[in-house]
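So the structure is just underneath, and the comments pick up after that.
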Amino acid sequence: MATKTTFLTTNWRYLLLANYAVDASVLRRHLPAGVELDDWNGTHYASMVGLLFEDTRMLGIPFPWHRDFAEVNLRFYVRRKTAAGWKQGVVFVKEIVSKPAIVLVANTLYQEKYVALPMRHRIEARPNGELALDYNWKIKGEWNYLRGTAAATAGPIPEDSEAEFLAENYWGFTRRSAKRTSEYEVVHPRWVVRPVSDYTFHCNVAALYGPEFVETLQQEPRSVFMADGSAVKIMSGEKVL
């Protein structure tokens, strides 16, 4: 097996995760070959995630105007059985950034589902220690948003919890074709999380993700929380099928 190299280093910060129960039949249409849907206590989840990338470097090189930016993505949870055990990870339905060069690289090298849209964000620290999180993207002339207020105090993720299932994923799986799949490892320490209140979400779901996700994302989420984040390494990808 070829030695893995570090493709990208960055800091993921202020990860706002809103987690929705979703019918498995919706997710199977996006499932890469060789992996299966994962669930927590019988529930399949799709998560809307907003986060910041800071000090991003590709192969150790910081590219001007592409080091710090926001991303919003829709993802769901899968696993792949190997001789060493299960690899638990995520599949992205779509990832939004404002940088066309990042879209070109990610879609070409990893065949991810990135799209470039106008974006803006605001992270506001309040006097009481709370954090106001506001991620915005513009589609069809309208600003969409993912917003919430994170508590002042962060705590460790409980073992065998829903938050652990949703936040502690160290593999990404990409559908390259109907029969071809690749995976890449995401390396980071275990995170701390904060509860989120005042969550609001507005999105043209049909235009961005397709009509099959409209019902799911119009529900109230099962949970919303923020992970403080950390330094992250994304390793070079590997074809597994």
Original post:
At Asp23 and Asp198, where each label point lies 7 Å from the Cα along Cα→Cβ, what is the point-to-point distance in nanometres?
Top reply: 3.6 nm
Subject >> Fluctuation leader among Gly34, Gly89, Gly172 - the chain, Gaussian network, Cα springs under 10 angstrom >> reply: Gly34
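Rounded, prolate or oblate: which fits region 65-217, taking a ≥ b ≥ c as square roots of the Cα gyration tensor eigenvalues, rounded meaning a/c under 1.5, else prolate when a/b beats b/c?
oblate
Determine the gain in length on full extension of the stretch Glu54-Thr82; use 0.36 nm per residue of separation and subtract their C-alpha separation, reporting nm with one decimal.
Working: separation 28, 0.36 × 28 = 10.08 nm, distance 3.30 nm.
Difference between extended and current length: 6.8 nm.
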**OP:** Might you report the magnitude of the Cβ-based charge dipole of the chain about its Cα centre, with Lys and Arg at +1 and Asp and Glu at -1, to the nearest 20 debye?
**Re:** 940 debye
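Using the heavy atoms of the protein chains and a 1.4 angstrom probe, tell me the accessible area per residue for the chain in square angstrom.
On the way: 11440 Å² over 241 residues.
On a per-residue basis, the chain sits at 47 Å².
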Original post:
Looking only at Thr56, Thr82, Thr174, which one moves most when the chain is put into a Gaussian network model with springs between Cα atoms under 10 Å?
Top reply: Thr82
Subject >> For the chain, built as a Gaussian network whose Cα springs stay under 10 Å, the top-fluctuating residue of Val49, Val192, Val72 >> reply: Val192
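How much of the DSSP beta bridge set in the chain is antiparallel, as a percent to the nearest 5?
Expressed as a percentage, antiparallel bridges in the chain total about 95.
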**OP:** Pull up the cross-link candidates among the lysines for Lys94, meaning alpha carbon to alpha carbon under 23 Å and not fewer than 8 places away within one chain.
**Re:** Lys113, Lys138, Lys140, Lys179, Lys233, Lys239
Original post:
What is the sum of charges around Asn204, taking Lys and Arg as +1, Asp and Glu as -1, for the other residues whose C-beta is under 9 Å from the C-beta of Asn204?
Top reply: 0
Original post:
How do Met119, Met226 rank by accessible surface area computed with a 1.4 Å probe, from largest to smallest?
Top reply: Met119, Met226
Original post:
So, with a 1.4 angstrom probe, what is the percent of accessible area on the chain that is carbon and sulfur?
Top reply: 53 percent
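The values are calculated or read from the model by the stated rules, or taken from the named source; none is laboratory data. The shown structure was predicted, so the numbers you read here are calculated from the model rather than taken from an experiment. Using ideal geometry, Cβ is built from the backbone for each residue, glycine included, and neighbour counts are taken over all protein chains shown. SASA here: full protein model, heavy atoms, side chains in, ligands and nucleic acids out. Shrake-Rupley method; radii C 1.70, N 1.55, O 1.52, S 1.80 Å.
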